[in-house]
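K.L.:
Pasting in a structure now, in structure tokens, and then I'll have a few things to ask.
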Amino acid sequence: MTTVVFEALRMRRRRTRRSRGFGVTGIVATAVVGLAVLAALLAPVIAPYDPNEVDFGLTYRPMEPWALLGTDGSGRDILSRLLYGARTSLLGPAVVVLVAAVVGTLLALVAAISGGWVDRILSRIFDIGFAFPGLLLAILAVSVLGPGFTTAVLALAIAYIPFIARIVRSVAVGEMSLPYLSALVTVGQSRTRIAGRHLLPAVMPTVLAQSTISFGYAMVDLAALSFLGLGVQPPDADWGLMISEGQRGVLQGYWEEATFAGLAIVIVVAAVSLIGDRLADRVSLNREGR
Amino acid sequence: MPRFIAIRVLEGLATLLVSSFLIFGALYLAPGDPLSYLIGNRTLSDEAIAALREQYHLDDPFLVRWVAWLGDVLSGDLGRSITYRDDVLSLLGPRLATTTLLIAYALVVIVVIGVGLGIVAALSRRALSDVILAGTSIGVAIPSFVAASTLISVFAVGLGWFPAFGPGDGFFDRLYHLTLPVIALTLASGSYVIRVTRAALREEAARDQVKAAVARGLPRGTIIGRHILRNGLTPVATVVGLTLTSLIVGSVVVERAFALDGIGALLTEAVAKKDFGVVQAICLLLITAVVIVVLIVDVIQVVIDPRVRERQGIAA
């Protein structure tokens, strides 16, 4: 039993020590994300083949020196498709998070600084939006507007707004209750000025942490939509789409395409969520230290 | 307490009302007029077109249409499917069994294995605890469709232990067929539940009252059972309940990956075929399930844990 107590005490010590820096794992995770971004940017330079070059004489080739990760059911080079696929697979969640963070933060600040009924109504909207699953909203949008990358990204961006707005609002409301801000309100400082000069910098670390965490979720949701055939459309290269196209090969024993595309998603999502957790740890540390 | 429950129920109803408005209103985002969108590139007889006008109340003003549609839904009339030429309700019926079994099976796995491993990780020595923790940090990053292709590749095609597709016949055969889908569905959320359980119990184990119990020399079993598990597992119950909502939405993807004939697979198919009546009905059904689950979790948490009541200022 005493081991439980000691373990708990040690955990507490470790937590405070760890939260100071990014740690080795944090640096590795950042490097992994950096590499993925680099692969996406340099895809035309480093990809050995054209990702859409079909050759029905070379379908389902295993890993060989001339095709490092093998070829898919249409004879396209899997490595080249992975590198080009990094573009849509990273750009999509980046746009989702950017739109959701900007709109979400703006709405959260309006709610926090207005207070009263504006805050109550906005909070209710955030709560309802939070309950509506993002994937379902995207499926609904796609069914009306037709499948495609842009529709999926925009629908998810809207669905992610409450995810960021809710937590930013609660931090901003906490900040508003601090004496220096109530003093500014009392001396008649304009609301937009308070929001821009004082609230925004105060919520920025939270926005950053929550956006990073959202990036991982958005990546999985977008890949899921492409997997369902509702997001990125063939013949474009995308990791989620590669898994669904690779499933036909899997049943015949050709595991390469689905496995490598899946691995790419898992590695990037794991790295991003690790960074997100570290950022979130720092935010709560700041808040306690204040 | 009754007041709290009444408020929560009203809030849930409000969420459902707004969701139904979204689901109904989505039709009007379609380019062109709703009728031509509903017809799509099909050629329909005059009677079929008249039936569509009737089903969506297209001759009425917008708000009246919504209310009329909602009234139809509440009285059990979910409309007709254009592609299947059948009532949506009778399409959903048989498929609902597959989806319900999938989600129920997944929930059992999460409660038994997720919470169980979380307890083990919290109470065991460092080495085992670290192994479980490392496993979960990879597990949470594995989406269901990635797990699905790997599981099919290894256990269905490679080893031949499990079938790759289909729902099976009879109860036990169904469970056998659903095992790989359930693993794919629960890998990420189950890993998350393990982590939360471990963290909650660790926190509980560090409390002064536990230290005092150790100092008094109480047996280990009593300390774990009465002081750590009893207090520490109530927040876990909430997390498990909320995990159920992600299982409901996640089943859409898993059913497609394993070609199961559930309502999620029907939804994907209906979207591809632009069968909007079916899309609306399934979206509404899934949202209703999510809202009900969240409502139940909220109420249960307040009923079983007096500390939550106190924190939220609810009179018993």
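K.L.:
Looking at this structure, is B:LEU27 within 30 Å of B:VAL253 (Cα to Cα) and either in contact (Cβ under 8 Å) with a residue 24 or more places away in the chain or of a type in the set (Ser, Thr, Tyr) (or both)?
P.N.:
Yes, satisfied.
K.L.:
What single numbered condition from (1) open to solvent by 10 Å² or more (accessible area, probe 1.4 Å); (2) within 29 Å of B:TYR176 (Cα to Cα); (3) at the interface with another protein chain (Cβ under 10 Å from one of its Cβ atoms) fails to hold for B:ALA289?
P.N.:
B:ALA289 satisfies all of (1) open to solvent by 10 Å² or more (accessible area, probe 1.4 Å); (2) within 29 Å of B:TYR176 (Cα to Cα); (3) at the interface with another protein chain (Cβ under 10 Å from one of its Cβ atoms) except (3).
K.L.:
I want to confirm something. Restricting to the range B:234-265 and keeping residues that are over 16 Å from the mean Cα position of the chain (by Cα) and either of a type outside the set (D, E, K, R) or buried (at least 24 other Cβ atoms within 10 Å of the Cβ) (or both), which single residue is farthest from the other protein chains (Cβ to nearest Cβ)?
P.N.:
Selected residue: B:THR234.
K.L.:
Right, next: Answer with yes or no whether B:ARG198 is surrounded by fewer than 19 Cβ atoms within 10 Å (Cβ to Cβ) and basic (Lys, Arg).
P.N.:
Here the answer is no, as B:ARG198 does not meet what is asked.
K.L.:
Report yes if B:PHE155 is assigned to a helix (DSSP H, G or I), within 14 Å of chain A (Cβ to nearest Cβ), surrounded by fewer than 21 Cβ atoms within 10 Å (Cβ to Cβ) and free of Cβ contacts under 8 Å to residues at least 40 places away in the same chain, otherwise no.
P.N.:
So B:PHE155 passes the test.
K.L.:
Still on this structure: Looking at the structure I just gave you, is B:SER81 hydroxyl-bearing (Ser, Thr, Tyr) and within 14 Å of another protein chain (Cβ to nearest Cβ)?
P.N.:
Yes: the conditions hold for B:SER81.
K.L.:
What about A:VAL173, is it at pLDDT below 90 and more than 30 Å from A:LEU225 (Cα to Cα)?
P.N.:
So A:VAL173 fails the test.
K.L.:
Only one of (1) open to solvent by 10 Å² or more (accessible area, probe 1.4 Å); (2) over 21 Å from B:ILE138 (Cβ atoms); (3) within 11 Å of another protein chain (Cβ to nearest Cβ); (4) touching a Pro at 6+ places or on another chain (Cβ under 6 Å) fails for A:VAL283. Which number is that?
P.N.:
(3)
K.L.:
Given the options A:VAL110, A:VAL103, A:VAL97, name the one that is within 28 Å of the chain's Cα centre (by Cα), under 30 Å from A:GLN247 (Cα atoms), hydrophobic (A, V, I, L, M, F, W, C) and in a helix (DSSP H, G or I).
P.N.:
Residue meeting the stated conditions: A:VAL97.
K.L.:
While we're on this one: Given B:ALA26, B:ALA14, B:ALA48, which one is more than 13 Å from chain A (Cβ to nearest Cβ) and either outside any loop (DSSP other than H, G, I, E, B) or at pLDDT 85 or above (or both)?
P.N.:
B:ALA48
K.L.:
Find the helices (runs of 4 or more DSSP H) located wholly in the range B:212-316 whose residues include 2 or more that are under 18 Å from A:VAL142 (Cα atoms), and list them.
P.N.:
Ranges flagged: B:230-257, B:263-272, B:276-304.
K.L.:
Something else about it: Quick check on my filter: what residues within the range A:216-246 are at the interface with chain B (Cβ under 7 Å from one of its Cβ atoms) and either open to solvent by 30 Å² or more (accessible area, probe 1.4 Å) or within 21 Å of the chain's Cα centre (by Cα) (or both)?
P.N.:
Result: A:VAL220, A:ALA223, A:ALA224, A:PHE227, A:LEU228, A:GLY229, A:LEU230, A:ILE243.
The values are calculated or read from the model by the stated rules, or taken from the named source; none is laboratory data. Since this is a predicted model, take the numbers as computed values, not measurements. Please note: Cβ atoms are built from the backbone with ideal geometry, for glycine as well, and neighbour counts cover all protein chains shown. What goes into the accessible areas is simple: the full protein's heavy atoms, side chains included, and nothing from ligands, DNA or RNA. Shrake-Rupley method; radii C 1.70, N 1.55, O 1.52, S 1.80 Å.
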